[in-house]
1. Return the distance in nm (one decimal) between the two label points of a simple spin-label model at residue 2 and residue 103, each offset 7 Å from Cα along Cα→Cβ.
2. At 7 Å along the Cα-to-beta-carbon direction for both residue 154 and residue 190, put a label point, then send me their distance in nm to one decimal.
3. Quick test of the membrane-span-like rule: which DSSP H helices of the chain reach at least 15 Å along their long axis (C-alpha atoms) with mean Kyte hydropathy at least 0.0?
4. So for the chain, if I pair up every lysine 8 or more residues apart or on another chain, how many of those pairs have alpha-carbons under 16 Å apart?
5. Any chance you could tell me what percent of the C-alpha pair distances in the chain go past 24 Å?
6. Need the C-alpha centroid separation for the stretch 142-156 versus the stretch 76-136, integer Å.
7. Counting only protein heavy atoms, what percent of the accessible surface of the chain is carbon or sulfur at a 1.4 Å probe?
8. Using 0.36 nm times the number of residues separating residue 179 and residue 94, minus their current alpha carbon distance, what extension gain do you get?
Amino acid sequence: MLDLFIKIGYLVLGLNFVVFAMCFSNQGKAFRIFTVYIAVIGVIQIASRVLSSLGMGNLFLSHFYFIAQFIILSFFYLELLKEKYQRKIIKLTLILVLSFLGIQYTIYPKLFFEFNLFEIFITSFSIIIFSAFHFYNMLNEKKEFYYINMGILLYLFGSTILFLVGNLTVTLSREFTKIPWILNALFYVFYQLFVLYEWKKSFSKKELETNL
């Protein structure tokens, strides 16, 4: 079941990249940043899958995944959020988080080949805060990237909890240790479906009108 959800997630991610890339030149900066995010995450996941199929370790790629996700989505929200204090928080958080992680990997370089729960928590929680800012702003503003923001919030909140819980279940039976990974893969599928629905709802008609 885990492998099935992973494959479905890859399929929807690939579809999202295609449809977003089709609109790349006709949309604003935030749209283009998110398209780059889809592309980068897709490349990392493909590389991880290839290494796994070859029987090679791919755990180190998780660091590229979480850090790249944090950096690109930070710039995504930096483009969306207009309040000065929110933009300052994003810029400060970006500097502090990357500094903390840089110091951590400098002091403990072996962490590069291990699962870093601190990295997962600090990068994901920061994006959750930015997402909450955007939801707050949308109460009185245009609901821009509403479904993408919803997908990001639900996925990162759920996956962060699952990773933390998963770390506590390593001493349990193999069946129990698989549950967090299956749920995380399922959350990822829903996240990508939110992204696809955003494109259909907000951008597909614009693309058709532009082509006409």
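The values are calculated or read from the model by the stated rules, or taken from the named source; none is laboratory data. This one's a predicted model, so the numbers in the text were calculated from it and none came from an experiment. In this analysis, Cβ positions are derived from the backbone assuming ideal geometry, glycine residues included, and neighbour counts consider all displayed protein chains. When the accessible area is computed, the model is the full protein with side chains, heavy atoms only, and any ligands, DNA or RNA have been set aside. Shrake-Rupley method; radii C 1.70, N 1.55, O 1.52, S 1.80 Å.
1. It works out to 3.5 nm between the two label points.
2. Using points 7 Å along Cα→Cβ, the separation is 0.5 nm.
3. Flagged H segments are 2-22, 29-53, 61-80, 84-107, 117-137, 146-168, 174-198.
4. Lysine pairs meeting the criterion: 8.
5. 45
6. 18
7. 71
8. 27.4 nm
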